[in-house]
Amino acid sequence: MSTLRSSTLHPGSRAMRLLCLLVALTAGLSLLYAVQYYLGSPLRLAVTSEIHDLALSPTHHLVAAAAQDGMVRLWDMDADWKMYTLTGHTGPVTSVAFDASGPTLFSAGSDGKVYLWDIPTILPAGPSNAQPVKALEASTSPLRDLSLTPDGSLLATLGDDHIIRVWDVETGEVIQTIGPNEHTRHAVALSPDGTLVAADDANHIQMWDAHSGEPRQRLEGQWENEEEQENWLGHEKEVTALAFSPDGAYLASGSAEGTTLIWDVEQGQLAWETKGHLGAVSEVAFDASGEYLISSGGDNMVRRWKVTGGKFAGLFKGHLGSVSGVAAGPDENTILSSGVDGSVRLWEVVNNQELHLEWTKLGLMPIWGKVFVIWMLGSGLLGLLLAWGLWRVRTWSYLGSLAMYTIGPLFAVVLPMLETIAYPITWSTRLHIAWPLACLFVWYYFLVLYLRNDAIAIPYQAPDAESLAQRLMAAQQTRNIRQGLFVLATWFLIFILLFSVLRRFGLDIAFMRKWLPFIMGGAGLTMFVSAMAILLATVLALVGALGRLAKNPVINGISGFYVSLIRGTPLLVQIFIWFLALPQIGITLKPVTAGILALGVNYGAYMTEIFRAGIQAIGIGQYEAAHALGMSSSQTFRRIVLPQAFRIVIPPIGNEFIAMMKDSALVSMITVQELTFRAQKLGRQNFRNLETFLIAAAFYWILTIVFQFFQSKLEAYMARGERR
Amino acid sequence: MSEPIIKVRGLHKYFGPLHVIKGVDLDVMPQEVVVIIGPSGAGKSTFLRCLNFLEEPSAGTVEIDGVEIKARESGREHRRLIQEIRQKAGMVFQQFNLFPHMTVLGNIIEAPITVKKMPRDQAIAKAEELLEWVGLLHKRDEYPSRLSGGQQQRVAIARALAMDPKIMLFDEPTSALDPELIGEVVEVMERLANEGMTMVVVTHEIHFARDVADRVIFMDEGVWAEMAPPEQIFTNPKEERTRQFLAHIL
């Protein structure tokens, strides 16, 4: 039996054996991964999870951290920093605090719940399987911050619904609800005696009586020189962090511009000012004596200040990303800090040295974690089976590997990417990231080979003559389908890579989801402007083309001038002329009108040439046939030439329309609130330009794809008289 | 005998310096079939196109069914007369020139509706009758691109006939066709001739000329080189040039 097809992957070849080895290797890695997930909980190959807040227990030997992966991390400093994970929250944990009695750990999460954890029962039970003793829930809105009186009787929470709730911990009831106030967004603090509750109100601080909810002092900045408006004493940007001193006499506040202020609560006045952080202040804390203030910032630094006078007293560098939380350490000479790099660090005050460092090991969200480990276990076993099948040259092993390729990347790459954002680049991290990519590469390589050499494992058999044609046709069809699949897979891969990379750089998915409808609201206007402009352009182009073809020198001259002028000047300049320059000669247009006119007139000029070419493309024979039938020139033009010319110009007009939809972004320059305008506005306000413009770009892309689809349908309809 | 339906007197045509038709006269009687043959470049097509003013003659007069037009005139009246002549003279082209954006039926009813203002249903009834006559009623809703060359030419003939012309002008109607498709078009033309249509045909189809024509004109270098009944011109041509041409194509 002869083989027509040559393949590097024929059974028993070296490439084949290598492939078996690779599949077996990836399968083995999967198994290893699954097994060690159970042995070491959580995973030893550490990718870290972002930390949002930090707390030190009153007994001074426990550190708690609120982590992005939904688990509270608890370290026992006395037991060589043994780590416990507390699972319960179904979303990122945002804030943690200890009370003195018990002690009890309070954690607030973006699932809107506050959980109470009883520490004495957790520690003996071992590192896993801790259960909360109590849950407080008033709404499903994510919680931002939580504050607790030292005795643990009163609790205050601030949620994304901008409502402050004061809870009686004993009964679990909300005793006071304050707000909503949309400027209260970041921080809430209870005074140590439980009488006052303070929260941010834009760049001011408002205090209320915690029990009655009556407004009390308002801490506002003021000009040192009122008349000249010189030297502002106060926060310039919104307040992001608050803390009362242990005796309740002072309130410290940190803000987005990086200053930390210390206010005299009784007087309601600014006492001292400290400046140093280069980014927003994320948290402020007093030490136990109340003599020093510690602050953490978006500039990756922790700073320490003397409260009296606000003098600088120490700088601590080492975090790889923003520092998210600080607390006084277990003794006077130490400070604790946590960062979005997923680390908790203990610092020595005297020498500004790092004494200890702990990483949050990767924890997958409880739900995903299980799916993931099951997948790993399954794919590991399946992989071994497939490797055996490949070795023994079985067809099903090829199909199985193909299936693995299509589902594999989803689990192997996307899930970890969704779960982790920032991490320090260590060797273990590299390994962790590398192995799913290695699997992906193997599977991808495998798919390529499979597509190139169909059904390699089946021995070749000569077809009988009459079925040859049929088989050739079927083979061609299969090849086409595979080609399509291959292209799809490539797109899919590009998407995943792009997403992973952006995600790594801190793409804020929650922000995108939240503002998607707002930006999407601009899509309607984009389409309206484009549609009206293309209508105008079509009419202008038709008239212009007739003018260009006319023998009358005046008409010809006018249309020639129009085309030359418009094509010779930038569209942006034309838009500004319509909107900004025309009012000077007494014509004031609304932004949308000006935008439509500018786009329509501009594209009309370009499309004039398209229409002219379309009309000129109609052969002389058509004119002669119509004339010979007695039709007049105008009848011939209307009934015979124009319909055919339209059919010719439809594809280029479609292209122009799609181009215009994208050029319509330019009208955002004259305050038309379409896609780009909204993306720009939102991005500038929130410093989230990447997210907002990605959304806008995605919409333009989707619109383009949709219209290309309709355009191809229209073309097919217009071309119904054509020979196929 | 009645008056001639076509009267051409002293027709000249220049294309720039090129003298294509050098003063020809022609009378065609009602129901007569005249076939013009001759080498390419002789001016046959140009002469035919001068009859319905698709080419404006440089000198001379053309009279069709009592409507007389002088060459080199202009103005509204002149254009009206041309329209009138064109309605009386149907024309069939070498390249068919069907309207590709209309169905077969649409092609046929277009002119009666727009030019003659015929009601649509009446035009359709007439079109269907004509399609039946050329044997293409089943192709009524097809687009021209889906038809073979022969079918397209038959539709073109039906389209011309829909205007109820007094005469029919054929400009090499079979030249663009594959050999096996020529027969079906020639058959339609023969039937048209048998039904008494006045026809002026420029063609290379010697069989058609021999069997159907009442008169054959051999045109060469812009003049009538020889004009005679077919039996005479094909069996016993007087002119040497005619003899050479026929020897060449037969």
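A quick yes/no check of all residues on (1) open to solvent by 10 Å² or more (accessible area, probe 1.4 Å); (2) of a type in the set (K, R):
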{"position": "B:M91", "(1), (2)": "yes, no"}
{"position": "B:N97", "(1), (2)": "yes, no"}
{"position": "B:T103", "(1), (2)": "yes, no"}
{"position": "B:N107", "(1), (2)": "no, no"}
{"position": "B:K117", "(1), (2)": "yes, yes"}
{"position": "B:E142", "(1), (2)": "yes, no"}
{"position": "B:P165", "(1), (2)": "yes, no"}
{"position": "B:D178", "(1), (2)": "yes, no"}
{"position": "B:L181", "(1), (2)": "yes, no"}
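Among the residues making up the stretch B:207-228, a single one is in a helix (DSSP H, G or I), open to solvent by 10 Å² or more (accessible area, probe 1.4 Å) and aliphatic (A, V, I, L, M): B:V212.
What number of residues within the stretch A:107-158 are of a type in the set (D, E), within 28 Å of the chain's Cα centre (by Cα) and not in a strand (DSSP E or B)? The total comes to 1.
I need a count of the residues in the stretch A:510-525 that are open to solvent by 40 Å² or more (accessible area, probe 1.4 Å) and aliphatic (A, V, I, L, M). Of the residues in the stretch A:510-525, 4 are open to solvent by 40 Å² or more (accessible area, probe 1.4 Å) and aliphatic (A, V, I, L, M). The set of residues from the stretch B:125-142 being over 19 Å from B:I113 (Cα atoms) and outside any helix (DSSP H, G or I) comprises B:G135, B:L136, B:E142. Out of everything in the stretch A:635-659 that is away from chain B (no Cβ under 12 Å) and of a type in the set (G, A, S), what residue ends up being least open to solvent (accessible area, probe 1.4 Å)? By that ranking, first place goes to A:G654. Residue pairs whose Cβ atoms lie under 7 Å apart, sitting 6 or more positions apart in sequence or on different chains, and linking a residue in the stretch B:73-89 that is open to solvent by less than 100 Å² (accessible area, probe 1.4 Å) to a partner that is part of a helix (DSSP H, G or I) and of a type in the set (A, V, I, L, M, F, W, C), are B:R86/A:A628; B:A89/B:L51. Taken over the stretch B:124-134, residues that are open to solvent by less than 50 Å² (accessible area, probe 1.4 Å) and over 13 Å from B:A160 (Cα atoms) amount to 1.
Looking across A:Q680, A:Q711, one residue alone is in contact with a Gly (Cβ under 7 Å, 6 or more places away or on another chain) and away from chain B (no Cβ under 14 Å). It is A:Q711. When A:D80 is tested against (1) touching a residue at least 12 places away in the same chain (Cβ under 8 Å); (2) among the charged types (D, E, K, R); (3) in a loop (DSSP other than H, G, I, E, B), exactly one condition is not met: (1). Any residue at all in the stretch A:248-262 that is surrounded by fewer than 14 Cβ atoms within 10 Å (Cβ to Cβ) and either under 38 Å from the mean Cα position of the chain (by Cα) or in contact (Cβ under 8 Å) with a residue 12 or more places away in the chain (or both)? No: the stretch A:248-262 contains no residue that is surrounded by fewer than 14 Cβ atoms within 10 Å (Cβ to Cβ) and either under 38 Å from the mean Cα position of the chain (by Cα) or in contact (Cβ under 8 Å) with a residue 12 or more places away in the chain (or both). Residues in the stretch A:592-614 include at least one that is surrounded by 15 or more Cβ atoms within 10 Å (Cβ to Cβ), touching a residue at least 24 places away in the same chain (Cβ under 8 Å) and within 14 Å of another protein chain (Cβ to nearest Cβ).
Restricted to the stretch B:25-124, the set of strands (runs of 3 or more DSSP E) holding at least 1 residues that are within 13 Å of another protein chain (Cβ to nearest Cβ) comprises B:59-64, B:67-70, B:89-92. When you check A:T569 against the structure, is it β-branched (V, I, T) and not assigned by TED's automatic domain parsing to the domain that holds A:G595, yes or no? No, not satisfied.
Filtering the stretch A:625-634 down to residues that are open to solvent by 30 Å² or more (accessible area, probe 1.4 Å) and part of a helix (DSSP H, G or I), which residue is nearest to the other protein chains (Cβ to nearest Cβ)? Among those residues, the one meeting the criterion is A:H627. Residues of the stretch A:234-259 being closer than 10 Å to A:N203 by Cβ and outside any strand (DSSP E or B), which ones? Hits for the stretch A:234-259 are A:G234, A:H235, A:E236, A:K237, A:E238, A:A256, A:E257. Of A:G88, A:G70, A:G112, all but one fail to be touching a His at 6+ places or on another chain (Cβ under 6 Å), open to solvent by less than 50 Å² (accessible area, probe 1.4 Å) and either touching a residue at least 60 places away in the same chain (Cβ under 8 Å) or small (G, A, S) (or both); the exception is A:G70. Quick check: anything in the stretch A:91-108 among the aromatic types (F, W, Y), crowded, with 19+ Cβ neighbours inside 10 Å and within 22 Å of A:V340 (Cα to Cα)? Checked the stretch A:91-108: at least one residue is among the aromatic types (F, W, Y), crowded, with 19+ Cβ neighbours inside 10 Å and within 22 Å of A:V340 (Cα to Cα). Taken over the stretch B:150-163, the criterion of being open to solvent by 20 Å² or more (accessible area, probe 1.4 Å) and within 12 Å of chain A (Cβ to nearest Cβ) is satisfied by B:Q152 alone. For the structure I just gave you, tell me whether B:V67 is in contact with an Asp or Glu (Cβ under 7 Å, 6 or more places away or on another chain) and not basic (K, R). Yes, satisfied. Looking at the structure I just gave you, is A:K306 farther than 23 Å from A:T195 by Cα, in the same structural domain as A:N351 (by TED's automatic domain parsing) and more than 36 Å from the chain's Cα centre (by Cα)? Criteria met by A:K306.
The values are calculated or read from the model by the stated rules, or taken from the named source; none is laboratory data. Since the structure is predicted, the reported quantities are computational estimates derived from the model, not experimental observations. Methodologically, a virtual Cβ is constructed for each residue, glycine included, from the backbone with ideal geometry; neighbour enumeration extends over all protein chains shown. Side chains included, ligands, DNA and RNA excluded: accessible areas come from the protein's heavy atoms. Shrake-Rupley method; radii C 1.70, N 1.55, O 1.52, S 1.80 Å.
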